[in-house]
Amino acid sequence: MQPLFRPLNAADLDAMVMLEQAAHLEPWSRAQLAESLHGRYFSGSLWQQEQLLGYFIADAVIDESTLMNICIAPSWQGRGLGRRLLEHWLDACRQRRLATAWLEVRASNQAALALYRSAGFAKAGRRKDYYRAGEEREDAIVMQKPL
């Protein structure tokens, strides 16, 4: 059975929090996730029956979008769901007639870097010590793609 794609809504918040905590080194707080469900943000999620498998959160400002968060359940990683969510985000950007897509990724996240490169993203810069990595800090690679 193919996972169902749909936008996130407030009823999904508990599932989002659980998935966020399971999948990320520095998870977003419940308040941050709740804030991302309205305003300039848009989202998409993949579900298998009642189980949240992954989601993305992006913003749209003027003619650009930034991928703020993409999250896949650890047990579902490596099955192409990240690529599907990325494609859904880019399709949503095109439907909104946005000109450029942006994202940031941990410099050490080789799997994500490979995914983004294969989707046509190019390195646009580097943010020194952007992410927390335990007691240390880690650079972010800034990537962009014209739409």
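The table below gives the values:
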{"item": "Close pairs (7 angstrom Cβ cut-off, 6 or more residues apart or separate chains): under 16 Å from ALA58 (Cβ atoms) in region 1-29, in a loop (DSSP other than H, G, I, E, B) anywhere", "result": "LEU8/LEU37; ASN9/LEU37; MET16/LEU8; GLU20/PRO27; GLU20/TRP28"}
{"item": "Close pairs from region 113-127: first under 14 Å from LEU85 (Cβ atoms), partner of a type outside the set (Val, Ile, Thr) and assigned to a loop (DSSP other than H, G, I, E, B), Cβ under 9 Å, at least 6 apart", "result": "LEU115/PHE121"}
{"item": "Residue tally, condition among the small types (Gly, Ala, Ser) and not in a loop (DSSP other than H, G, I, E, B), over region 95-111", "result": "2"}
{"item": "Positions within region 82-101 being closer than 29 Å to ARG137 by Cβ, open to solvent by less than 70 Å² (accessible area, probe 1.4 Å) and under 14 Å from the mean Cα position of the chain (by Cα), in sequence order", "result": "GLY82, LEU85, LEU86, TRP89, ALA101"}
{"item": "The one condition in (1) within 18 Å of HIS24 (Cβ to Cβ); (2) assigned to a helix (DSSP H, G or I); (3) among the small types (Gly, Ala, Ser) that ALA92 fails to fulfil", "result": "(1)"}
{"item": "Unique match (being part of a strand (DSSP E or B), aromatic (Phe, Trp, Tyr) and under 14 Å from the mean Cα position of the chain (by Cα)) among PHE56, PHE5", "result": "PHE56"}
{"item": "Residue list for region 61-81, restricted to those being among the small types (Gly, Ala, Ser) and surrounded by fewer than 17 Cβ atoms within 10 Å (Cβ to Cβ)", "result": "SER75, GLY78, GLY80"}
{"item": "Within region 59-84, tally of residues that are out of contact with any helix residue (DSSP H, G or I) (no Cβ under 7 Å at 6 or more places or on another chain), closer than 17 Å to ASP12 by Cβ and in a strand (DSSP E or B)", "result": "2"}
{"item": "Residue within region 17-32 that is assigned to a strand (DSSP E or B) and open to solvent by less than 70 Å² (accessible area, probe 1.4 Å) present", "result": "no"}
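The values are calculated or read from the model by the stated rules, or taken from the named source; none is laboratory data. Fair warning: this is a prediction, and the values are worked out from it, not measured in the lab. Don't worry about glycine lacking a Cβ; one is built from the backbone with ideal geometry, like all the others, and counts go over all protein chains shown. Surface accessibility is based on the protein's heavy atoms, side chains included, excluding ligands, DNA and RNA. Shrake-Rupley method; radii C 1.70, N 1.55, O 1.52, S 1.80 Å.
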